[in-house]
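The values are calculated or read from the model by the stated rules, or taken from the named source; none is laboratory data. Keep in mind it's a predicted model, so treat the numbers as computed, not measured. Note that each Cβ is placed from the backbone with ideal geometry, even for glycine, and that neighbours are counted across all protein chains shown. When the accessible area is computed, the model is the full protein with side chains, heavy atoms only, and any ligands, DNA or RNA have been set aside. Shrake-Rupley method; radii C 1.70, N 1.55, O 1.52, S 1.80 Å.
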Amino acid sequence: MSTNSGPVTARTIVTVALAAALAVGVAGCAPAANPSPSPTSSGSSTASGSPRPTATSTSQPVDGQCATSQLSGSIGAGGGGAAGSVEVTLVLTNNGSAPCSLQGWPGVSFVGDGNGTQLGKPAAFDRSTPHATVVLQPGGTARAPLKIVQAMNYPEADCKPQKADGFRVYPPGSTESLFVKDDSVTACTTTTVDLLTVGALAAP
């Protein structure tokens, strides 16, 4: 039996220990494989207040914005109209107990079928009209001119006319709408015909 077996075993143990320590050190310096991504936000781009619906209005809420729930709408007499069209007045009334404000163009479209189905294209905006902020006192109103082209001006195949129940109206700065009854109007149900043009709300 060799008398050097003890020292050889000790050297072997030391060598193995050094090798293991070196391996651990190298592993500690290497980047981790496939690191877990850090949590991210949901990506919501909603700004403060309610953005207007697409193709309805570009107005943003103003200070003291009127809530749609405190408004009612009606159709009043307008400034007449040209051949083949009529101009009426869209009236929004503050039914709340405190003043509130509106600014810009309301979103307007025909609705029908007894269930609020939109008929045809929404109103275009007449951006030539002034659009200062209107403060509605309790019981007060804001008014916008609404031009309605007669559906009979267009071939039936192009228009596909249908009697409307009235209008869906989005107050400027709101994503909530209200219904304004007017069963005297006829809509084109196709989306290739423009019948409605609305101006900005103004004080009476």
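Being hydrophobic (A, V, I, L, M, F, W, C), open to solvent by less than 50 Å² (accessible area, probe 1.4 Å) and over 23 Å from Gly79 (Cβ atoms) is the filter here, so list the residues in segment 163-187 that pass it. If the condition is that a residue be hydrophobic (A, V, I, L, M, F, W, C), open to solvent by less than 50 Å² (accessible area, probe 1.4 Å) and over 23 Å from Gly79 (Cβ atoms), then Leu178 is the only one that fits. Against the list (1) over 21 Å from Asn95 (Cα atoms); (2) open to solvent by less than 50 Å² (accessible area, probe 1.4 Å), the condition Lys160 fails is (2).
For the subset of segment 117-151 comprising residues that are surrounded by 22 or more Cβ atoms within 10 Å (Cβ to Cβ) and over 19 Å from Thr197 (Cα atoms), which member is farthest from the chain's Cα centre (by Cα)? Here the residue is Leu136. Sub-7 Å Cβ pairs linking a first residue in segment 175-195 that is in a loop (DSSP other than H, G, I, E, B) to a second residue that is crowded, with 18+ Cβ neighbours inside 10 Å and of a type in the set (Ser, Thr, Tyr), at least 6 apart or interchain, are Glu176/Thr68; Ser177/Thr68; Ser177/Tyr170; Val193/Tyr154, ordered by first then second residue.
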